[in-house]
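Student: Below: one structure in structure tokens.
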Amino acid sequence: MSTEDRAKAIGKNLEGKAQEIFGNITGNKKDQVEGQAKQAEAAARHAAEDAKNAVKNLTDRAKRSIDKL
């Protein structure tokens with residue numbers, strides 16, 4: 001994940017937290033749920049990119065091991 005994509009996901013998470021808090025203060029269930037959904041979306045984006053990075057790292061290590069043979 002690029003730095004820009006990570007920043008967008010962090011922004012989405014913060015936006016979701018703010019919306020959820022606003023919903024809690026006002027008692028607006030729609031804002032609460034939408035805020036939680038935005039946070040879940042940001043977490044999913046981070047998890048997907050973390051998985052991609054893990055696979056890339058594993059592939060790179062495997063290539064280095066093969067090159068040593």
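Student: Could you check segment 3-37 and list, in sequence order, the residues that are under 11 Å from the mean Cα position of the chain (by Cα) and either open to solvent by less than 50 Å² (accessible area, probe 1.4 Å) or in contact (Cβ under 8 Å) with a residue 60 or more places away in the chain (or both)?
Tutor: 9, 11, 13
Student: Taking the options 64, 45, name whichever one is surrounded by 14 or more Cβ atoms within 10 Å (Cβ to Cβ), at pLDDT below 95 and out of contact with any His (no Cβ under 7 Å at 6 or more places or on another chain).
Tutor: From the options 64, 45, the qualifying one is 45.
The values are calculated or read from the model by the stated rules, or taken from the named source; none is laboratory data. Predicted, not measured: the structure shown is a model, and the values here were computed from it. Backbone-built Cβ (ideal geometry, glycine too); neighbour counts: all protein chains shown. Note: accessible area is taken over every heavy atom of the protein model, side chains too, but ligands, DNA and RNA are not part of it. Shrake-Rupley method; radii C 1.70, N 1.55, O 1.52, S 1.80 Å.
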